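Please read the structure below before turning to the comments.
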Amino acid sequence: MIKSTVTREWHGEEVKIQGKRVVGKSAYEIGLVVEGQAKELCPVKTGRLKGSITTASYSKQTMPQSPATGSDTIQPPRDDSEVLVGTAVEYGPYMEFGTVRSDAKAFLRPALDLARGEAMTIVERNGRFEFKKYLKE
């Protein structure tokens, strides 16, 4: 009878770090997809609102496009597990939700709904890349 033993090495701390990297990178990429969809759906009169839609994470932020101004940028989150997509233009919420005098012309919430279909693909791709040495293919 032949007995074999398998030696397994613990990579817990390394895997935790890689997992956080996958989450952060994937969240930011999903945010960029939402940003792109929101810009496609955004109502345009002057272009300021559309140009001000940005994505921000703890360590990265996209820059507003012309004719938006520097003051139109959203503040980055304080938590490294969050990603924000939006606009700091003062009339953005009125366009998104409407007022008593005007109907809503939502662009952020529908953009998030459209991006949901791509989210798992992004996470899977980043996970496969980060954990390729542990995967048998």
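Structural remarks
- Condition broken by residue 5, with the remaining ones in (1) hydroxyl-bearing (Ser, Thr, Tyr); (2) modelled with pLDDT under 90; (3) not in a loop (DSSP other than H, G, I, E, B) satisfied: (3)
- Meets criteria (over 13 Å from the mean Cα position of the chain (by Cα) and surrounded by fewer than 18 Cβ atoms within 10 Å (Cβ to Cβ)) for residue 88: yes
- Complete set of residues in the range 45-81 that are outside any strand (DSSP E or B), at pLDDT 90 or above and under 30 Å from residue 22 (Cβ atoms): 52, 53
- Within the range 87-137, the set of residues being polar (S, T, N, Q) and part of a helix (DSSP H, G or I) comprises 121, 126.
Residues are listed down the side, and each one gets a yes or a no for (1) among the aromatic types (Phe, Trp, Tyr); (2) surrounded by 20 or more Cβ atoms within 10 Å (Cβ to Cβ); (3) in contact (Cβ under 8 Å) with a residue 12 or more places away in the chain:
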residue	(1), (2), (3)
53	no, yes, yes
80	no, no, yes
95	no, yes, yes
101	no, no, no
104	no, no, no
117	no, no, no
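- Sole exception among (1) at pLDDT 95 or above; (2) under 21 Å from residue 129 (Cα atoms) for residue 101, by number: (2)
- Qualifying residue in the range 123-135 (condition: surrounded by fewer than 18 Cβ atoms within 10 Å (Cβ to Cβ), farther than 26 Å from residue 17 by Cβ and modelled with pLDDT under 95): no
The values are calculated or read from the model by the stated rules, or taken from the named source; none is laboratory data. Note that the coordinates shown come from a computational prediction; the quantities given were computed from them, not determined experimentally. In this analysis, Cβ positions are derived from the backbone assuming ideal geometry, glycine residues included, and neighbour counts consider all displayed protein chains.
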